[in-house]
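**Q** Next up is a structure, given as structure tokens.
All of the numbers you see were taken from the coordinates with simple rules; none came from a lab. All figures in this text were calculated on a predicted structure; none of them were measured in a lab. Virtual Cβ from ideal backbone geometry, glycine too; neighbours counted across all protein chains shown.
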Amino acid sequence: MRSCKLYANVCIFLNVKCLKRILLNATIGGKEVLSMNFDQRTVTCGQLRGADAGKTVVLNGWVHRDRNHGALHFINLRDRYGITQVVVDDDASPELQKVASELRMEYCIAVTGIVRLRPDNMINHDMPTGEIEVKAQKISILSKCATLPFMIDSENAANEDLRLKYRFLDLRSSGMQDRIRLRHEFIKAIREYLYTEGFYEIETPTLIRSTPEGARDFLVPSRKYPGKFYALPQSPQLYKQLLMVGGFDKYFQIARCYRDEDARGDRQLEFTQLDVEMSFVKRDDVLSLMERLFGHVFKEVMNYELPAHFRRIDYYDAMNTYGCDKPDLRFGCEIKDVSDLVQKSTFEAYKTILANKGYVKAICAPKTEGFDFTRKYLDEIAATAKVYGAQFVPFLKVGANNALSGSAAKFFVGMESEVCSFMGAKEGDVILMVAHENWKKCCASAGAVRSKLGKDLGIIRPGFEFCWIVDFPLFEYNEEEGHWEAAHHMFSMPQAKYIDTLEQNPGEVRGDLYDMVVNGYECASGSIRIHDVDLQKRIFRICNFSDEEGEKKFGFLLNAFKFGPPPHGGIAPGIDRMVMIMSEQSSIKEVIAFPKNSFAVSPMDDCPNDVDQKQLDELHLIIKKDEEK
Ligand code: ASP
């Protein structure tokens, strides 16, 4: 610390030129300081082209690769913009040769040199800067790099925890650099577009009151008010509705949301969504805004043309045809109900399921060059379906002239042509069947088989297929707790025709609810909202909230609804998920700069972690030991 002060004092008395020379050799606290001052870049590592030959330039960056051919040194210098080849010729000064020989991977350096054209046979057409190289005249080491835990390649093959522990290094890989750039451009294009449509970007608080919104809240203890807590928002839902009451009819926010959920699939405790709310709108206004927005963004960021309108699919049709409410429309293999065929067959086990008000569905897997439906593969299919409830997957192999073979063939003797024509099956196709007494389980089992076929047969088209799933049921029955609950959240509007009779059969009520689905992922959910106190209270009651409890937890919203609330609705596309799809990744961790691992831990800073007793005392918290829990 003292040496630093001394150094600062010395600086004041020296002129800048003299300072530069001294600084390169400065020592602080006895340690050599490699470069306190440095030659600042005049160009980036992705910038130079043939036309720049002859220019003297300064580059700053990291040693990506370093090849040494005797006294001839090739250094691939990298920064966020690209890679430039730097050459230390064999006629370079001994000092320059010495620095070049000291370079190691990921050293941060400054290079001054002259741009020259590469000989024709050395041009690298794979690199934007491949026409040129920089003949180094001076190299300064700005900082050294310790032994690398992994190579900085385009994609990092190291295990996830190692990547996350050294995320600052992992971020240097071209894969991560590209994805973080894409994410930036995506958000930028969203902002720009929404500004042109007259939206205000408004922040809402991240310390809010805990309100049940579906998942578990993260709680923040209040130091000032012992025993009281703030919560981190699961989404800005109620605030955006209050902004509508506040007269800001077109709102958006790139909002961070927090949900204290168990590690499940590809989830993060915190994620980012584009939160949107609009007043005086009906469903189609929200959907068409999103179509315009994503049309613009995909064109701008990926030069990809989306259709002006995305297909709209009724929730029940989606479940029946694709086995899920987030269908991947990039391939066929649509699911068909084969109850009538089964009734006419001798398939007694399935007929019993039908007699018990169950369902039988089938998928026709197309003949695919080089793919064989082996016994082993059919077992895999059966195992996939079983996870969702179907006990087995009988199959029919279609031969010449509709001849059927396979485990279910004996039940359809004499019906071969009818079966093939109903399923649209041709020679070489395979028909797979699933059944269950429960409609959702039957759909989900068939859906899982369909997804597996799509991937394994390699029949998924490249590109992006958007659709809307609309008219979802408003309520779901919570079997464990024995009551109805909101399928989306409690602020969504029931469709008009159900409003008078909501309480009679909540399971039948459809909501003004919509999801935007892309390539088999749910990428956004939204709804037209309730803006009427009495209707809101009825929904609370159906979801097992007494008037008292509703008042206690949501009194502020009900109060606001007494003051001329406008009709309103909105949506919230997930930013992480969208960027993941655009960059063809399968985990949102690949598009988040500093994600947690699958155990909700950050290996880099070891979070979550203990806090000092003093901090706990200030927050009036006592940690229960395991045995006290
Ligand atoms: N707040 C909702 C969510 O986060 C989205 C919405 O209804 O706008 O899922």
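**Q** To the nearest 20 debye, what is the magnitude of the charge dipole of the stretch 371-528 about its Cα centre, counting +1 on the Cβ of each Lys and Arg and -1 on the Cβ of each Asp and Glu? Before the final figure, lay out the partial values.
**A** Details: 14 positive and 22 negative charges, 174 e Å.
Its charge dipole is roughly 840 debye.
**Q** Rounded to the nearest 5, what % of the DSSP beta bridges within the chain are antiparallel ones?
**A** On the way: 91 of 99 bridges.
If I count the DSSP bridges inside the chain, around 90 percent turn out antiparallel.
**Q** Still on this structure, I have one more. Could you state, as a whole-number percent, how many of the C-alpha pairs of the chain are farther apart than 30 Å?
**A** Details: 134120 of 197506 pairs.
Percentage above 30 Å: 68.
**Q** So if R0 is 41 Å, what FRET efficiency would Gln177 and Lys614 give, r being the distance between their Cβ atoms, rounded to the nearest 0.05? Walk me through the intermediate numbers first.
**A** On the way: r = 41 Å, r/R0 = 1.00.
E(calc), rounded to 0.05, equals 0.50.
**Q** Output the 0 to 90 degree angle, nearest 10, between the alpha-carbon long axis of helix 2-12 and the longest principal axis computed from the alpha carbons of the chain.
**A** Helix 2-12 and the main axis of the chain meet at about 70 degrees.
**Q** Something else about it: About its Cα centre, how strong a charge dipole does the chain have in debye, to the nearest 20, once Lys and Arg get +1 and Asp and Glu get -1 at the Cβ? Could you put the intermediate results ahead of the total?
**A** Details: 82 positive and 90 negative charges, 346 e Å.
That gives a dipole near 1660 debye.
**Q** Can you compute the modelled spin-label distance between Ser586 and His184, with each label point 7 Å from Cα toward Cβ, in nm?
**A** Placing both labels 7 Å along Cα→Cβ, they lie 2.9 nm apart.
**Q** Relative to the present Cα-Cα distance, how much length would full extension add between Ile623 and Ser154 at 0.36 nm per residue of separation? Write out the running numbers ahead of the final one.
**A** Details: separation 469, 0.36 × 469 = 168.84 nm, distance 4.46 nm.
Taking Ile623 through Ser154 to full extension adds about 164.4 nm, to one decimal.
**Q** So which chymotrypsin sites (Phe, Trp or Tyr not before Pro) in the stretch 552-624 pass both tests, a DSSP loop state and at most 10 other Cβ atoms within 10 Å of the Cβ?
**A** Details: sites: Phe554, Phe556, Phe561, Phe563, Phe599; in loops: Phe561, Phe563, Phe599.
Those satisfying the criteria are Phe563, Phe599.
**Q** Grab the DSSP H runs of the chain that are 4 residues or longer, score each as -39,500 (n - 2.57), total them, divide by all residues and round the 222 nm result to the nearest 500 deg cm²/dmol.
**A** On the way: 18 runs with 191 residues, N = 629.
Estimated from H runs of four or more residues: -9000 deg cm²/dmol.
**Q** Still on this structure: In whole percent, what relative contact order does the chain give with Cα contacts below 8 Å and a gap of six or more residues? Intermediate values should be presented prior to the final figure.
**A** Working: 1148 pairs, mean separation 75.9, N = 629.
With pairs under 8 Å counted, the relative contact order is 12 percent.
**Q** Using the Karplus curve 6.51 cos²θ - 1.76 cosθ + 1.60 with θ = phi - 60°, what ³J(HN,Hα) values do you get for each residue of the stretch 186-196, in whole Hz, with x for Gly and Pro?
**A** 4, 5, 4, 5, 4, 4, 4, 5, 5, 4, 5
**Q** Packing-wise, with mean Cβ within 10 Å as the measure, how do 131-138, 61-68 rank, highest first?
**A** The most tightly packed comes first, giving 131-138, 61-68.
**Q** Here's another thing I want to ask about it. In straight Cα distance, which aspartates and glutamates are under 13 Å from Lys426, not counting same-chain residues fewer than 8 positions off?
**A** Partners found: Glu416, Glu418.
**Q** Within the stretch 480-508, whose backbone N sits under 15 Å from a point 7 Å along Cα→Cβ of Trp439?
**A** Residues 505-508 qualify, since their backbone N sits under 15 Å from the label point.
**Q** Can you list residues from other chains, or at least 5 along the same chain, whose modelled amide H is less than 5 Å from the amide H of Ile530?
**A** Answer set, sorted by chain and number: Ser492, Met493.
**Q** Follow-up question, since we're still on this one. Based on a Kirkwood Rh over C-alpha pairs, give the Stokes-Einstein translational diffusion coefficient of the stretch 536-629 at 4 °C and viscosity 1.567 mPa s in µm²/s. It would help to have the intermediate numbers written out before the result.
**A** Working: Rh = 18.9 Å.
Roughly 68 µm²/s, to the nearest whole number.
**Q** Multiply the residue separation of Phe594 and Arg209 by 0.36 nm, subtract the distance between their alpha-carbon atoms, and state the gained length in nm to one decimal.
**A** Details: separation 385, 0.36 × 385 = 138.60 nm, distance 2.69 nm.
My answer for the length gained is 135.9 nm.
**Q** In terms of modelled amide H atoms, which long-range or inter-chain residues lie less than 5 Å from the amide H of Phe218?
**A** When sequence neighbours closer than 5 places are left aside, the close amide H contacts are Leu232, Asp260.
**Q** Sticking with this structure for a sec: Kindly state, to the nearest 0.05, the FRET efficiency for Lys386 paired with Glu548, given R0 = 35 Å and r defined as their beta-carbon distance. It would help to have the intermediate numbers written out before the result.
**A** Values: r = 45 Å, r/R0 = 1.29.
Efficiency computed from Cβ-Cβ geometry: 0.20.
**Q** Amide H neighbours of Leu142 under 5 Å, at least 5 residues apart or on other chains, H built in the peptide plane: list them.
**A** Correct list: Cys108, Ile109, Ala110.
**Q** With the cut-off at 1.5 for a/c, could you classify the stretch 215-263 from its C-alpha gyration tensor as rounded, prolate or oblate?
**A** Note, shape of the stretch 215-263 comes out oblate.
**Q** Also: How large is ³J(HN,Hα) for each residue in the stretch 467-481, as worked out from phi by the Karplus curve 6.51 cos²θ - 1.76 cosθ + 1.60 (θ = phi - 60°), to whole Hz, x for Gly and Pro?
**A** Karplus-based 3J(HN,Hα) across the stretch 467-481 equals 8, 9, 9, 10, 6, 5, x, 7, 10, 10, 8, 8, 4, 4, 8 Hz.
**Q** A further question on this structure: Which one of Pro473, His483, Phe199 is farthest out on the positive end of the charge dipole of the chain, using unit charges on Cβ (Lys, Arg +1; Asp, Glu -1) and the Cα centre as origin?
**A** Of the options given, the answer is Phe199.
**Q** Also, quick follow-up: Of Lys336/Lys455; Lys357/Lys386; Lys344/Lys397, which ones are farther than 23 Å apart at the Cα?
**A** Values: Lys336/Lys455 20 Å; Lys357/Lys386 20 Å; Lys344/Lys397 19 Å.
Violating the 23 Å limit, Cα to Cα: no pairs.
**Q** Which of Ser405, Val434, Ile83 sits farthest toward the positive end of the charge dipole of the chain, with +1 on the Cβ of Lys and Arg and -1 on the Cβ of Asp and Glu?
**A** In the chain, that residue is Ile83.
**Q** What does the highest-first list of 603-615, 464-476, 410-422 look like by mean Cβ count within 10 Å? List each step's numbers first, then the result.
**A** Numbers: 603-615: 11.1, 464-476: 20.8, 410-422: 15.8.
Sorting 603-615, 464-476, 410-422 by mean packing, highest first, produces 464-476, 410-422, 603-615.
**Q** I'd like the Karplus ³J(HN,Hα) series for the stretch 410-416: coefficients 6.51, -1.76, 1.60, θ = phi - 60°, whole numbers in Hz, and an x wherever there's a Gly or Pro.
**A** Running phi through 6.51 cos²θ - 1.76 cosθ + 1.60 with θ = phi - 60° gives 5, 7, 10, 4, x, 10, 3 Hz.
**Q** Among Lys441/Lys497; Lys240/Lys562; Lys367/Lys410; Lys144/Lys589; Lys326/Lys537; Lys188/Lys553, which pairs are too far apart, with a Cα-Cα distance over 26 Å? Present the calculation step by step, with values, prior to reporting the outcome.
**A** Numbers: Lys441/Lys497 28 Å; Lys240/Lys562 17 Å; Lys367/Lys410 22 Å; Lys144/Lys589 29 Å; Lys326/Lys537 31 Å; Lys188/Lys553 36 Å.
Violating the 26 Å Cα-Cα cut-off are Lys441/Lys497; Lys144/Lys589; Lys326/Lys537; Lys188/Lys553.
**Q** Given R₀ = 60 Å, FRET efficiency for Asn402-Ser288 by Cβ-Cβ distance, to 0.05? Intermediate values should be presented prior to the final figure.
**A** On the way: r = 46 Å, r/R0 = 0.76.
Efficiency computed from Cβ-Cβ geometry: 0.85.
**Q** For Met415 and Phe168, compute 0.36 nm times the residue count separating them, minus their Cα-Cα distance, and round to one decimal in nm.
**A** Computed gain between Met415 and Phe168 is 82.6 nm.
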